[in-house]
1. Surrounded by fewer than 16 Cβ atoms within 10 Å (Cβ to Cβ), outside any loop (DSSP other than H, G, I, E, B) and either touching a residue at least 40 places away in the same chain (Cβ under 8 Å) or aromatic (F, W, Y) (or both): does that describe V60?
2. Across the range 1-57, what is the total count of residues that are closer than 28 Å to V218 by Cβ, surrounded by fewer than 20 Cβ atoms within 10 Å (Cβ to Cβ) and hydroxyl-bearing (S, T, Y)?
3. Which of (1) among the aliphatic types (A, V, I, L, M); (2) at pLDDT 95 or above; (3) in contact with a Pro (Cβ under 7 Å, 6 or more places away or on another chain) does L250 not meet, given it meets every other one?
4. Would you check which residues across the range 171-214 are touching a Leu at 6+ places or on another chain (Cβ under 6 Å), surrounded by 17 or more Cβ atoms within 10 Å (Cβ to Cβ) and closer than 14 Å to D130 by Cα and list them?
5. For the range 2-59, what are the residues that are on the phi > 0 side of the Ramachandran plot and in contact with an Asp or Glu (Cβ under 9 Å, 6 or more places away or on another chain)?
6. Does any residue of the range 22-36 turn out to be within 16 Å of V166 (Cβ to Cβ), out of contact with any helix residue (DSSP H, G or I) (no Cβ under 8 Å at 6 or more places or on another chain) and not in a helix (DSSP H, G or I)?
7. Regarding A239, is this residue small (G, A, S) and out of contact with any helix residue (DSSP H, G or I) (no Cβ under 7 Å at 6 or more places or on another chain)?
8. For the range 45-93, name all the residues that are of a type in the set (D, E, K, R), touching a helix residue (DSSP H, G or I) at 6+ places or on another chain (Cβ under 9 Å) and closer than 17 Å to E165 by Cα.
Amino acid sequence: MPIETFVDDPEPTDQRSSIWRYIEFWKLQDLVQTGQLYLRRSDKLEDEHEGLPPSEYENVLNLSRFDLKDIRERDHAIGALAQVRQSFYVSCWHLDIGETPTMWRRYGKDGVAIVSRYDLLKQVLHPLPDKIMVGLIRYGATHLTGWNVIRFVTTKREEYSPEREVRAMIWLTDTGDGMNRHFDLNNRPHDRPIYDPPPTLPEAIRRNIDIASLITEVVISPFAPAGRLAEVQALLATAGIAVGVRESPLTTYSSFIPTEDEMKRFMA
């Protein structure tokens, strides 16, 4: 099925732009050994606000925080979005801006970064029959207009902007979900679903893709144990994937790189 872009077509200027996916080693093993791309349901990602409008944008609804009727209307509007986002499944990549210890600490840990290109990601997704969207995530609220679920599911809070996320997304549009799971037995709306989604909306989905055509290089985390490079080389060789594997240039300085907790204490 043809690949769609997000609202307003936010894409890299160069379709051949390098993209990275920082992952733990076991996730690389799973990808290579199964040949399947793993996509997580958007409400199960790290940011609990995924797919929801930034709080500062809610005033577009023109509702009072002190009027009970307006409060119910606001909860219904947000609760409906919180259900719709459960039909979006996401694979997160990062537009190459150079390695940073933060990205390694947060996502790569003792693992690797898979290096690819934006056009290759679109190419391997193209044969899938799903409704697929690929593009750049935007940050903050200045670009938002109206009340559009695609805008919200492709927008993150400003604090995430250093990640420059490239998002591949599958939207399951025919799931049989009644879309009323945010109403309680008294017909009162909540701003989150109070009932679990149907089995047609699992926590994650997998899709077979051409892994060898996607990966251009693998970079070993500066925090990986000794021997990880050889492990990765053997893993790829067994799968018949002939790409370069190298250590991160930050490896030399890994003992001087503060942990996330140390950075938080320093910034406090």
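1. yes
2. 6
3. So the condition that L250 fails would be (2).
4. Matches in the range 171-214: R207, I209.
5. G35, G51
6. No, every residue in the range 22-36 fails to be within 16 Å of V166 (Cβ to Cβ), out of contact with any helix residue (DSSP H, G or I) (no Cβ under 8 Å at 6 or more places or on another chain) and not in a helix (DSSP H, G or I).
7. No.
8. E46, D47, E50 - these are the residues of the range 45-93 that are of a type in the set (D, E, K, R), touching a helix residue (DSSP H, G or I) at 6+ places or on another chain (Cβ under 9 Å) and closer than 17 Å to E165 by Cα.
The values are calculated or read from the model by the stated rules, or taken from the named source; none is laboratory data. Values in this document were obtained by computation on a predicted structure and should not be read as measured data. Virtual Cβ from ideal backbone geometry, glycine too; neighbours counted across all protein chains shown.
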